[in-house]
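Asker: Before anything else, here's the structure in question.
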Amino acid sequence: MRGRLATVVFAAFALLPAAAAANTPAPFVKPRPRPTEALERPGEGIIPSRNSYSVPEAPDSPACDANFCVHWVDQGLDAPSLKDTDGDGVPDYVERVLAVAEHVHYVENGKLGWQEPLSDGTIGSGHGETDIYLSEIGGELFGYAAPDRDQAVNGRQPRHLHGYLVLDNDYSAFEFPHTEPGHDLKVTLAHEYNHILQFGYDAYEDPWFAESSAVWMEDQVYNGIDDYLRYVGRWVKLWETPLTANTIKEYGTAVWNQWLARHYGRAIIRETWAGAASTQPDGFAVAAYEKAIHADGPSSFGHDLTRFAADVAEWRTGIGFRESYLYPDMPRQGTLVLGAPPATRRLDHTTFRLIRVHAPTGSAVEVTMEAPEGVDAGLALVGRIGSERHGRTVKTVDYAPGGGKLSVTLSDPRRFQRITVVVVNADASAAGYSARHLDWRYLTEETPFRVSGRIVR
């Protein structure tokens, strides 16, 4: 879901992790009534973000093509501009939405090979196409996707669900300042339609997996818009927040998918979703990534997280990412004093720290780290020669599944403009799901890593 504020997004869409209260599986987005459906049933309460039409659909609604049907009203606040240049009874804006949707389908299902969405049968248009409803959403939300209600079998929602989209009826500059209406429509459709495809693969996955994948998809369909960069700007400031956290950071975590696609090809994201429903435990996104990474190369989630963190250290040079020269520089978290006693750094699961190193003399700089037994850990030493955007990097990376001692060395440290130690808690092991915290019970929070360094003379 695309929204301006994290609190709005999570309150509005009732985003749920893979397991709901009392550890009962539930979709990552709660099924909800369509704008044309009756108001909430007795006992359901009021859904704050529910967009309901207050009048019947326009006489010519919906307008359909091979893959989509766009619904609209011709009265009230929810009505789009009714300008109809060709006089066919379908407003120009509705035709524009259909054209953008078909391009999105062409890229996501055609070029990238994602499976077609699950048909909704006779709901909505009555022909099984993906339904899009135009509504006066307002300035907080750009649009949303939701599964349909009443798909449960024997009281349990199936893993594969069909759904629908709701988009703003004009994306006016008054409601959406600092963005371009045509761009808003395009990236919102690319993002939300990807959620529709995700519902078809596995609707029970972690929200961070769903949102980071959908933001990544925005840039695959409309690379020139780069709307996702505003999420990256926030992501770099949330370095203490785990990669797997179901928080506002998840939108910027599209950079993790960017890195994977750069190293394995864009199909890796589709493959992760395609295998998600058959991994254990149900809905644990790390297991889905692990399965896809194992299938594509001799690596693992923890090892790739370490390599990812090492590339993030100097990502503005372009190493590891397709367009990271546009990203802000990652902040450093203190300095490692060479020759001093080991310093302890405490990291939560799937987080990393970038630490400065000053080594003006010597033939080499060596850094060692002790990781607790049983904790997947990574260590890297990254040196940059030249400027942030036009330089190059030299790095050494060590990874220890199960913890222990790690060591990395860079020769001739005087040649570097900046040297960074990268300490990674690459562990994502969890013991079930916590309904209280709406997240998995990760086992390696506040893990101590003892780090030291020296000049080799």
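Asker: Hey, with R₀ at 25 Å, roughly what FRET efficiency would V236 and S299 work out to, going by the Cβ-Cβ distance, to 0.05?
Answerer: Values: r = 25 Å, r/R0 = 0.99.
So, using R0 = 25 Å, E works out to roughly 0.50.
Asker: May I pose another question? What's the ranking of 242-254, 438-450 by average number of surrounding C-beta atoms within 10 Å, highest first? Don't skip to the end; give the middle numbers.
Answerer: Values: 242-254: 23.2, 438-450: 17.5.
Answer by packing, highest mean first, reads 242-254, 438-450.
Asker: From the phi angles alone, apply the Karplus equation (6.51, -1.76, 1.60; θ = phi - 60°) to region 233-238 and give each ³J(HN,Hα) in whole Hz, x where the residue is Gly or Pro.
Answerer: My calculation for region 233-238 gives x, 7, 4, 5, 8, 9 Hz in order.
Asker: Name the residue from P158, Y171, I269 whose Cα lies farthest towards the positive end of the charge dipole of the chain, charges +1 on Cβ of Lys and Arg and -1 on Cβ of Asp and Glu.
Answerer: I269
Asker: Taking amide H positions as placed 1.01 Å from N in the peptide plane, with prolines and chain starts having none, which residues 5 or more places from S434, or on another chain, fall under 5 Å of its amide H?
Answerer: Correct list: D439, W440, R441.
Asker: Pairs to check: K83/K186; K111/K291; K237/K395; K237/K405. Give those whose C-alpha atoms are more than 26 Å from each other in this structure. Before the final figure, lay out the partial values.
Answerer: On the way: K83/K186 20 Å; K111/K291 23 Å; K237/K395 24 Å; K237/K405 29 Å.
Too far apart for the 26 Å limit: K237/K405.
Asker: At 0.36 nm per residue, minus the direct Cα-Cα distance, what do A267 and A431 gain on full extension? Give it in nm, one decimal, please.
Answerer: Values: separation 164, 0.36 × 164 = 59.04 nm, distance 3.00 nm.
Length gained, A267 through A431: 56.0 nm.
Asker: Return the carbon/sulfur percentage of the accessible area of the chain, one whole number, probe 1.4 Å, all protein chains in place. List each step's numbers first, then the result.
Answerer: Working: 9440 of 17650 Å².
The C+S portion of the solvent-accessible surface of the chain is 53 percent.
Asker: Please tell me the relative contact order of the chain in percent, rounded to the nearest whole number, where contacts are Cα pairs under 8 Å and at least six residues apart.
Answerer: Values: 1023 pairs, mean separation 59.3, N = 457.
That works out to 13 percent.
Asker: While we're looking at this one, here's another question. 7 Å from Cα along Cα→Cβ at both R96 and A364: what's the point-to-point distance in nm?
Answerer: Here the modelled spin labels are 6.2 nm apart.
Asker: Working out 0.36 nm times the residue gap between H160 and K30, then minus their Cα-Cα distance, what length gain in nm do you get to one decimal? Before the final figure, lay out each step's value.
Answerer: Working: separation 130, 0.36 × 130 = 46.80 nm, distance 1.34 nm.
Taking H160 through K30 to full extension adds about 45.5 nm, to one decimal.
Asker: Could you tell me which helices of the chain pass both thresholds, a Cα extent of 18 Å or more along their own axis and a mean Kyte-Doolittle hydropathy of at least 0.0, with helices taken as whole DSSP H runs?
Answerer: On the way: long enough: 92-105 (20 Å, 0.11); 181-202 (31 Å, -0.55); 207-221 (21 Å, -0.15).
The qualifying helices are 92-105.
Asker: Nearest 0.05, what FRET efficiency do A66 and E446 give at R0 = 41 Å with Cβ-Cβ as r? Could you put the intermediate results ahead of the total?
Answerer: Values: r = 53 Å, r/R0 = 1.30.
Using R0 = 41 Å, I get an efficiency of 0.15.
Asker: Continuing with the same structure: Can you give me the accessible area per residue for the chain, using a 1.4 Å probe, in Å²? Spell out each step's value before the answer.
Answerer: Working: 17650 Å² over 457 residues.
Roughly 39 Å² per residue, with all protein chains present.
Asker: I need the phi-derived Karplus couplings for region 349-359: 6.51 cos²θ - 1.76 cosθ + 1.60, θ = phi - 60°, integer Hz, Gly and Pro marked x.
Answerer: 3J(HN,Hα) across region 349-359, in whole Hz: 4, 6, 10, 8, 10, 9, 10, 5, 9, 9, 9.
Asker: With each label point set 7 Å from Cα along the Cα-Cβ vector, what nm distance links L229 and E37?
Answerer: Result: 4.0 nm between the two label points.
Asker: Related question: Taking 0.36 nm per residue of sequence separation and subtracting the Cα-Cα distance, how much length would be gained by fully extending the chain between Q115 and S387, in nm to one decimal?
Answerer: Numbers: separation 272, 0.36 × 272 = 97.92 nm, distance 4.29 nm.
Length difference between fully extended and current span is 93.6 nm.
Asker: Next question. Which value, in debye to the nearest 20, gives the size of the charge dipole of region 241-313 about its Cα centre, when Lys and Arg are +1 and Asp and Glu are -1 at the Cβ? It would help to have the intermediate numbers written out before the result.
Answerer: Working: 6 positive and 7 negative charges, 33 e Å.
Dipole magnitude for region 241-313 comes out near 160 debye.
Asker: Still on this structure, I have one more. How high is the FRET efficiency between K83 and S54 when r is their beta carbon distance and R₀ equals 25 Å, given to the nearest 0.05?
Answerer: Efficiency computed from Cβ-Cβ geometry: 0.65.
The values are calculated or read from the model by the stated rules, or taken from the named source; none is laboratory data. Just so you know, these numbers come straight off a predicted model, no measurement behind them. Reconstructed Cβ throughout: ideal geometry from the backbone, glycine too, with neighbour counts over all protein chains shown. Side chains included, ligands, DNA and RNA excluded: accessible areas come from the protein's heavy atoms. Shrake-Rupley method; radii C 1.70, N 1.55, O 1.52, S 1.80 Å.
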